[in-house]
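The values are calculated or read from the model by the stated rules, or taken from the named source; none is laboratory data. Every value quoted in this text rests on a predicted model; they were computed, and no experiment measured them. Methodologically, a virtual Cβ is constructed for each residue, glycine included, from the backbone with ideal geometry; neighbour enumeration extends over all protein chains shown. For the accessible areas, the whole protein counts, side chains as well, though only heavy atoms, and no ligand, DNA or RNA atoms are used. Shrake-Rupley method; radii C 1.70, N 1.55, O 1.52, S 1.80 Å.
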Amino acid sequence: MENGGETLKSISKTNFDDTSIAFAHKNNLALRKTFFLFSMMNKPALVKLGTSLITFSLNIHLPVKKLIKKTLFNQFCGGENIVDCNSTMRNLANAGVGTILDYAVEGATTEKGFDTTEKETIENILNAKDSKEIPFCVFKPTGLGPNKVLEKLHINKALNSEEQAAYDRMYNRFKNICQTAFNNNVRIFIDAEETWFQDPLDEIVYKMMEMYNQENAIVYNTYQLYCKNKLAKLKDANQRALSKGYKLGAKLVRGAYMEKERERAQKMGYEDPIQPNKAATDEDFNYAILYCMEHVGQIAFCCGTHNETSSYYLIELIEKFGQNPANKDIFFAQLFGMSDHISFNLSNAGFNVAKYVPYGPVEAVLPYLFRRAEENTAISGQSSREYNLLKKEIARRKA
């Protein structure tokens with residue numbers, strides 16, 4: 001076995017209920033602020049009303065930016081720019097948790113906006129090259145080019161000359177980012193998008209892998225396991241990598257666009273691409289973890305989850321397969337501001353773990369912030385779980 005007995009012992013004792021470790025990075029004031037925020041997010045009706053009021057207030061130019069910044073923004077974002085994120089990165093690093101800087105500005109529709117995303121991502125890579133605090137960088141493909149071009153390619157429609165030029169610019173932005181990551185030995189996550197234009201993006205990503213993953217996994221594709229076909233797609237991607245002689249980089253997530261996917265499928269009359277229920281998603285997600293563990297070395301992967309059962313499952317597999325918890329081909333990841341009980345207890349036990357730390361101007365990251373607030377009310381028991389753990393830690397400190 002690669003591990004010593006002490007390491008394996010610490011694996012078996014990993015406990016996500018240990019709030020003394022989970023919230024050690026927060027002083028009493030920060031802990032109470034977080035507790036208050038999650039107590040609010042524990043009320044779905046209040047979240048819905050609050051997000052609507054914020055949008056309305058900004059539209060009529062009411063001065064609510066400071067309120068947003070002190071609440072949702074500070075909880076889920078690292079700052080408005082890279083420099084702002086430095087203190088967050090240091091705090092995470094002090095607890096052995098890495099930072100994945102995420103330029104969270106969404107909805108770019110112009111060439112200028114696409115160029116800005118490319119520039120910001122490259123700046124992140126250059127910032128990460130000499131930093132042990134940043135194990136990965138990330139970008140969202142639709143930040144680099146127009147969706148409509150991808151939609152046509154997805155259904156095998158020919159592009160006109162203008163669309164082809166737009167696609168070529170998008171491809172070049174992709175390549176510039178991945179080339180920069182390769183040159184600086186920085187691993188890069190490429191986020192998943194909606195199913196109706198994911199296929200052409202996958203093709204670009206696998207071309208990038210063939211160019212840059214010959215020796216190590218630099219480029220990582222994202223697999224949303226709430227899609228019925230993603231476990232099969234993951235296996236096909238690995239077979240493709242084996243046949244072409246490169247390593248597969250995989251980020252495993254459950255997914256982010258379920259309601260939108262189902263509504264579109266119903267409206268347009270095609271088969272719903274989403275799993276029939278949560279149990280089916282959980283089953284495929286855990287099978288994907290097992291598959292990646294069975295091929296570690298050929299596959300480098302990140303388990304991006306807030307699910308405690310899946311996290312414990314991966315811990316068990318690392319022990320079963322005799323893998324060193326410090327193996328850089330195996331990572332855990334959670335979003336900043338959420339699931340600290342998972343992230344910090346994993347780090348304390350010696351596992352590789354990182355937080356997605358979004359940043360950007362307050363107004364520009366509102367779609368991201370609203371999703372986090374809604375996600376915490378929508379995921380069964382998520383906000384209640386966070387709320388109760390925070391309550392437990394406050395009581396422990398009082399005692």
Worksheet item: Calculated from DSSP H runs of 4 or more alone, at -39500 (n - 2.57) each and per residue, what is the 222 nm mean residue ellipticity of the chain, nearest 500?
Response: -17000 deg cm²/dmol
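When ligands, DNA and RNA are left out and all protein chains stay put, how many square angstrom of accessible area per residue does the chain have with a 1.4 Å probe?
46
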Worksheet entry | Cα pair distances exceeding 20 angstrom across the range 157-217, given as percent | 31
Worksheet item: Among all lysine pairs in the range 188-318 that are eight or more places apart or on different chains, how many have alpha carbons less than 22 angstrom apart?
Response: 27
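Could you pull out the trypsin sites (Lys or Arg not before Pro) across the range 274-361 that fall in loop regions by DSSP (anything but H, G, I, E, B) with no more than 14 other Cβ atoms inside 10 Å?
Lys328
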Worksheet entry | For Phe332, distant residues with modelled amide H under 5 Å away | Cys303, Asn352, Val353, Ala354
Worksheet item: Once the other residues with Cβ under 14 Å from the Cβ of Tyr167 are scored (Lys, Arg +1; Asp, Glu -1), what is the net sum?
Response: 0
Worksheet item: At Lys207 and Asn172, where each label point lies 7 Å from the Cα along Cα→Cβ, what is the point-to-point distance in nanometres?
Response: 1.3
Item to complete: Two decimals is fine: what's Rg over Rh for the range 225-315, C-alpha atoms, Kirkwood radius as Rh?
Response: 1.02
Response to the item:
Expressed in nanometres to one decimal, the distance between label points 7 Å along Cα→Cβ at Arg90 and Asn216 is 2.7
Fill in: Given charges at beta-carbon only (K, R positive; D, E negative), |dipole| of the chain in Debye
1180
Worksheet item: Any idea of Met258's accessible area? Nearest 10 Å², probe 1.4 Å.
Response: 90
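Quick check: convex hull of the Cα atoms in the chain, volume per residue, rounded to a whole Å³?
That works out to 149 Å³ per residue.
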Worksheet item: With no solvent and one point on each alpha carbon, what is the Debye value of log10 I(q)/I(0) for the range 99-166 at q = 0.13, 0.14 Å⁻¹?
Response: -0.46, -0.52
Worksheet entry | With every protein chain in place, the chain: carbon and sulfur % of accessible area (1.4 Å) | 52
